[in-house]
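J.: One structure coming up, written as structure tokens, with questions to follow.
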Amino acid sequence: MTYSDSAKADLHRYLQEARDALVWKLEGLSAYDVRRPLTPTGTNLLGLVKHAAGVELGYLGDTFGRPSGEPLPWLAEGAEVNADMWAAPDETRDDIVALYRRAWAHADATVEALPLDTTGTVPWWPADRAELTLHHAVVRVIADTSRHAGHADILREQLDGATGERPGATSLPAADPAWWAAYRDRLERAAREAAGRDTADGPGTRATS
């Protein structure tokens, strides 16, 4: 995919990096691990991908009069609350990833076809502030996708210790497990020491020399 100007190219680069990172977090995991809730509010890897597909089709499709035709029953009126944030048993990983890839192809086609200052209307926003430019919409999707890629990074590390936005790019120091264990222990000690000072000095205060 090549956009027609440098601004579009920059936007696409960062959006695609976040998309790829989000999908990569599913690789090598069991059907259970990609689906199971890993936070008290149910955050799970496959649900993040499903949600991201709907975001792209909405903000970079419907908003600019370019509906994709993809059926998204979990976003329809009357659907169960939060139904876009988890995968039902009959929704396979392959199906959801394929939907996401079609969603980003449709979104890319929208950005390719329209000037960045094109105005669209977000159907689910209040009417008095529902208009936004394509540039705004793309930035919003980048922010949303990057945020969820960060969620996925933390979830995946909880599952098997894998980190980073792509294979071979952990953005972490090269160190063995013993170093990481010692590092974590050091942070734990620092946190406890700080908590002890807060207790002694009162919340929100600092000891002065």
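The values are calculated or read from the model by the stated rules, or taken from the named source; none is laboratory data. Here the structure is a predicted model, which is why all the values come from computation and not from measurement. Note: ideal-geometry Cβ built from the backbone for every residue, glycine included; neighbour counts use all protein chains shown. Only protein heavy atoms, including side chains, enter the accessible area calculation; ligands, DNA and RNA are left aside. Shrake-Rupley method; radii C 1.70, N 1.55, O 1.52, S 1.80 Å.
J.: Could you tell me whether the stretch 27-48 includes any residue that is out of contact with any strand residue (DSSP E or B) (no Cβ under 8 Å at 6 or more places or on another chain), open to solvent by less than 70 Å² (accessible area, probe 1.4 Å) and under 18 Å from Leu134 (Cβ atoms)?
T.: No; the residues of the stretch 27-48 include none that is out of contact with any strand residue (DSSP E or B) (no Cβ under 8 Å at 6 or more places or on another chain), open to solvent by less than 70 Å² (accessible area, probe 1.4 Å) and under 18 Å from Leu134 (Cβ atoms).
J.: Has the stretch 19-33 got any residue that is in contact with a helix residue (DSSP H, G or I) (Cβ under 9 Å, 6 or more places away or on another chain), at positive phi and assigned to a loop (DSSP other than H, G, I, E, B)?
T.: yes
J.: Let me ask another. Taking the residues in the stretch 129-165 that are surrounded by fewer than 16 Cβ atoms within 10 Å (Cβ to Cβ) and among the acidic types (Asp, Glu) as candidates, determine which candidate is farthest from Leu29 (Cα to Cα).
T.: Filtering the stretch 129-165 for residues that are surrounded by fewer than 16 Cβ atoms within 10 Å (Cβ to Cβ) and among the acidic types (Asp, Glu), the one farthest from Leu29 (Cα to Cα) comes out as Glu131.
J.: Anything in the stretch 168-203 that is open to solvent by 70 Å² or more (accessible area, probe 1.4 Å), modelled with pLDDT under 80 and part of a helix (DSSP H, G or I)? List them, or say none.
T.: Asp198, Thr199, Ala200
J.: Now a separate question. Which ones in the stretch 110-131 are in contact with a strand residue (DSSP E or B) (Cβ under 7 Å, 6 or more places away or on another chain), under 16 Å from Gly58 (Cα atoms) and in contact (Cβ under 8 Å) with a residue 60 or more places away in the chain?
T.: If the condition is that a residue be in contact with a strand residue (DSSP E or B) (Cβ under 7 Å, 6 or more places away or on another chain), under 16 Å from Gly58 (Cα atoms) and in contact (Cβ under 8 Å) with a residue 60 or more places away in the chain, then Val122 is the only one that fits.
J.: Quick one: count up the residues across the stretch 84-105 that are crowded, with 17+ Cβ neighbours inside 10 Å and over 16 Å from Leu26 (Cβ atoms).
T.: 1
J.: Separate question: Please go through the stretch 54-83 and pick out each residue that is of a type in the set (S, T, N, Q), buried (at least 18 other Cβ atoms within 10 Å of the Cβ) and touching a residue at least 40 places away in the same chain (Cβ under 8 Å).
T.: Correct list: Thr63 only.
J.: Which residue out of Glu165, Glu157 is at pLDDT below 90 and within 18 Å of the chain's Cα centre (by Cα)?
T.: After ruling out the rest, the residue left standing is Glu165.
J.: Hey, another quick one. What is the number of the single condition among (1) of a type in the set (Asp, Glu); (2) open to solvent by 20 Å² or more (accessible area, probe 1.4 Å); (3) in contact with a helix residue (DSSP H, G or I) (Cβ under 9 Å, 6 or more places away or on another chain) that Asp108 does not meet?
T.: (2)
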